[in-house]
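Take a look at this one; I'll ask things after.
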């Protein structure tokens, strides 16, 4: 919809074997057949034979008749294994079959202390344990691929709102950030900068939109489902909707932004009032207008007026930054 600014613009069961061997894992001393018990070493082995029945399985239901067993799918030939009968560094498919105090992590029963086995800590991303235990990054820095990364400086200009320009760091709007519309606040474009990918933002969409337009409302009606679908895919796309008017074609306001956000259930989207039509470069705009921005550089890679529902440009940008 093309609107002049002067008029108020805008996601077997097949049990095959005999009954289990009935010894108790927690109290039975290792014997010669306990090839799987390795004393907590680093080599990953199969669990001791005393823990595993001759019953093959595809799921836990195949082990129900044995009582106190679960299907260990991590074995080359999955079989029923006694509960709490997997020593450290033995194969597992659930924590229930590991000895008490161990956790099944990466298909291995492990003693998941804070830093010993990376069960609780991701050394690639944890700012307190970056690359190893108790190696914090400096204040304000991020941990990326196990190395400290300095905070981002906002890219230099020239600034503008046309294709190839960099969005100005002074761009900010009054409205509601992602989440329920509880209290109005300032949404700052600088908060979407992710120069090194440490924040998981791979694409930004700034959508200029308006009340009373069927195309704008059609986009808004499906947007939350689209955002959830993108989230499930791990695309890291962030969206800001900017309203150029209020209901009844009045000037845009935080109240109008809240109504838009609530009406369409846009919890995954920031919605703000844009009385200055900040993303519009001329005297008129076809809404919805999508300005697609690269969060690594804050550069505009695409401007799509009268958006037709094709998200290929923003998806391509997000995938290129993953």
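Suppose we filter 256, 190, 248 for residues that are within 27 Å of residue 126 (Cα to Cα), more than 17 Å from the chain's Cα centre (by Cα) and not in a loop (DSSP other than H, G, I, E, B); which single one remains?
190
Under 8 Å between Cβ atoms, at least 6 apart or on separate chains: pull out the pairs that start in the range 266-286 with a residue that is within 19 Å of residue 204 (Cβ to Cβ) and end on any residue that is assigned to a strand (DSSP E or B) and at pLDDT below 95.
Within 8 Å, the pairs are 277/285; 285/2; 285/3.
Go through 250, 283, 256 for me and flag whichever is in contact with a helix residue (DSSP H, G or I) (Cβ under 9 Å, 6 or more places away or on another chain), under 19 Å from residue 174 (Cβ atoms) and modelled with pLDDT under 95.
None of the others qualify; the one that does is 250.
If residue 88 satisfies every condition in (1) modelled with pLDDT under 95; (2) part of a strand (DSSP E or B) but one, which is the exception?
With respect to (1) modelled with pLDDT under 95; (2) part of a strand (DSSP E or B), residue 88 is out only on (2).
Report yes if residue 274 is within 19 Å of the chain's Cα centre (by Cα) and more than 21 Å from residue 195 (Cα to Cα), otherwise no.
Here the answer is no, as residue 274 does not meet what is asked.
Name the residues in the range 134-146 that are within 22 Å of the chain's Cα centre (by Cα), part of a loop (DSSP other than H, G, I, E, B) and surrounded by 15 or more Cβ atoms within 10 Å (Cβ to Cβ), would you?
141, 146
For the condition modelled with pLDDT under 50 and outside any loop (DSSP other than H, G, I, E, B), what is the one hit in 3, 65?
Exactly one of 3, 65 is modelled with pLDDT under 50 and outside any loop (DSSP other than H, G, I, E, B), namely 3.
Under 24 Å from the mean Cα position of the chain (by Cα), over 18 Å from residue 185 (Cα atoms) and part of a loop (DSSP other than H, G, I, E, B), is that true of residue 297?
Taking the combined requirement at face value, the residue satisfies it.
Search the range 193-231 for residues being in a strand (DSSP E or B) and out of contact with any helix residue (DSSP H, G or I) (no Cβ under 6 Å at 6 or more places or on another chain), and hand back the single one that is surrounded by the fewest Cβ atoms within 10 Å (Cβ to Cβ).
Filtering first and then ranking leaves 207.
For (1) in contact with a strand residue (DSSP E or B) (Cβ under 9 Å, 6 or more places away or on another chain); (2) modelled with pLDDT of 85 or more; (3) surrounded by fewer than 16 Cβ atoms within 10 Å (Cβ to Cβ); (4) outside any strand (DSSP E or B), each residue gets a yes or a no:
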position: 128; (1), (2), (3), (4): yes, yes, yes, yes
position: 132; (1), (2), (3), (4): no, no, yes, yes
position: 148; (1), (2), (3), (4): yes, yes, yes, no
position: 156; (1), (2), (3), (4): yes, yes, yes, yes
position: 162; (1), (2), (3), (4): yes, yes, yes, yes
position: 173; (1), (2), (3), (4): yes, yes, no, no
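The values are calculated or read from the model by the stated rules, or taken from the named source; none is laboratory data. This structure is a prediction, so every number in the text was calculated from the model and none was measured. Cβ: placed from backbone, ideal geometry, glycine included. Neighbour counts: every protein chain shown.
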